[in-house]
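Written out below as structure tokens is the structure these notes cover.
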Amino acid sequence: MIIELQQSVMRANNTKASELRAMLDAKQVKMINIIGSPGAGKTTLLERTLERLSARTAVAVIEGDVETARDAERLQRFGVQLVSINTGGMCHLEAPAIAGALEQLNLSEIGVVVIENVGNLICPVEFDLGDHLKVAISSVPEGDDKPGKYPALFRAAEVAVLNKIDLAPYTDFSLEAFEADLRSINPGLPLFPLSARTSEGLEAWLDWLEQRVLTAPLDTDRSSSS
Ligand SMILES: Nc1nc2c(ncn2[C@@H]2O[C@H](COP(=O)(O)OP(=O)(O)OP(=O)(O)O)[C@@H](O)[C@H]2O)c(=O)[nH]1
Ligand SMILES: [Mg+2]
């Protein structure tokens, strides 16, 4: 009974997500879904990304948090359209909540919507939000064994960021081990090791992202399993 209910929730979510993606495609808006563990640096990467991307196109942000609007408050200085969603304890965002958030945005003025998902490596992967691009963010202090332990995220993502490389000298993190683990799960996944704090490696990530969301054609066939 519980399994049936979960399946129907997932089906309803995925139907809504497909509707959202079609609606965004019609308006030529791209939506990015950033997924990573608590503290991996999602908001910090978003801050660094907004500094450049919002100079090229109008960006809106949907901030998902279990509690508080702290991340949304951090982003207010960028003057972007911003909607904060408190999940009230839930470990992920769902498509109906994104639909509600998108209704609050003036999409005719927006080129890119960025979602910061709830900090979690498992639940957010299960729920398609109607996004065009899933970004997996890991960070050095989490350890180099994470791709193999949480493979679903690294399979679903179209790109991976490894943040906090400035901390590598103080840990036993091995970039080679991380990459090998990642490659065993998703051989072609682009990986950007960087530090959102020192900006090392940031340019390559920003170049890739700009190319993907500003010039690459819309990919309307992506689904939650992609
Ligand atoms: N040393 C270092 N610290 C970083 C870097 N990026 C982020 N941090 C720090 O890591 C902490 C968490 O960063 P956030 O950006 O808030 O992480 P988050 O993933 O948004 O966290 P949640 O939204 O709570 O899941 C903060 O203290 C940041 O200043 C980095 O590249 N290097
Ligand atoms: Mg955050």
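The values are calculated or read from the model by the stated rules, or taken from the named source; none is laboratory data. Since the model is a prediction, treat every value here as computed from it, not as a measurement. Don't worry about glycine lacking a Cβ; one is built from the backbone with ideal geometry, like all the others, and counts go over all protein chains shown. All accessible areas refer to the heavy atoms of the entire protein, side chains included, with ligands and DNA or RNA removed. Shrake-Rupley method; radii C 1.70, N 1.55, O 1.52, S 1.80 Å.
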Legend entry - Odd one out for residue 97, checked against (1) of a type outside the set (S, T, N, Q); (2) under 17 Å from the mean Cα position of the chain (by Cα); (3) under 18 Å from residue 210 (Cα atoms): (3)
Inset, instruction - Specify which of the listed residues (111, 143) is modelled with pLDDT of 95 or more and on the phi > 0 side of the Ramachandran plot. - result: 143
Inset, instruction - Could you grab the pairs with beta carbons closer than 6 Å, sequence gap of 6+ or different chains, first residue in region 30-43 and touching a residue at least 12 places away in the same chain (Cβ under 8 Å), second one among the basic types (Lys, Arg)? - result: 33/134; 34/42; 36/42; 43/74
Inset, instruction - Considering each of 182, 167, 206 in turn, give the residue that is in a helix (DSSP H, G or I) and touching a residue at least 40 places away in the same chain (Cβ under 8 Å). - result: 206
Legend entry - Test: residue 63 is open to solvent by 50 Å² or more (accessible area, probe 1.4 Å) and either in contact (Cβ under 8 Å) with a residue 12 or more places away in the chain or over 23 Å from residue 151 (Cα atoms) (or both): no
Legend entry - Index of the failed condition, residue 92 passing every other in (1) away from ligand 1 (no atom under 15 Å from the Cβ); (2) touching a residue at least 12 places away in the same chain (Cβ under 8 Å); (3) at negative phi: (1)
Inset, instruction - Check 111, 89, 119, 39 and return the single one that is touching a strand residue (DSSP E or B) at 6+ places or on another chain (Cβ under 8 Å) and away from ligand 2 (no atom under 16 Å from the Cβ). - result: 111
Inset, instruction - For region 66-75, enumerate the residues that are touching a residue at least 24 places away in the same chain (Cβ under 8 Å) and either open to solvent by 10 Å² or more (accessible area, probe 1.4 Å) or not in a helix (DSSP H, G or I) (or both). - result: 66, 71, 74
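Just the residues that are near ligand 1 (Cβ under 9 Å from one of its atoms) and buried (at least 21 other Cβ atoms within 10 Å of the Cβ), please, taken from region 25-38.
34, 36
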Inset, instruction - Could you please let me know if residue 138 is in a strand (DSSP E or B), in contact (Cβ under 8 Å) with a residue 12 or more places away in the chain and among the hydroxyl-bearing types (Ser, Thr, Tyr)? - result: yes
Inset, instruction - Kindly indicate whether any position in region 39-50 is within 16 Å of ligand 1 (Cβ to nearest atom), open to solvent by less than 50 Å² (accessible area, probe 1.4 Å) and either part of a loop (DSSP other than H, G, I, E, B) or modelled with pLDDT under 95 (or both). - result: yes
Inset, instruction - With the condition kept exactly as written, say whether any residue in region 84-98 is open to solvent by 60 Å² or more (accessible area, probe 1.4 Å), assigned to a loop (DSSP other than H, G, I, E, B), in contact with a helix residue (DSSP H, G or I) (Cβ under 6 Å, 6 or more places away or on another chain) and not hydrophobic (A, V, I, L, M, F, W, C). - result: no
Inset, instruction - May I ask you to list the residues in region 141-164 that are part of a loop (DSSP other than H, G, I, E, B), of a type in the set (Asp, Glu) and out of contact with any Asp or Glu (no Cβ under 8 Å at 6 or more places or on another chain)? - result: 158
Inset, instruction - Look through region 115-133, keep the residues that are touching a residue at least 40 places away in the same chain (Cβ under 8 Å), of a type outside the set (A, V, I, L, M) and within 15 Å of ligand 1 (Cβ to nearest atom), and return whichever of them is nearest to residue 63 (Cα to Cα). - result: 116
Inset, instruction - Go through 18, 54, 108 for me and flag whichever is open to solvent by 40 Å² or more (accessible area, probe 1.4 Å), within 20 Å of residue 157 (Cα to Cα) and away from ligand 1 (no atom under 16 Å from the Cβ). - result: 18
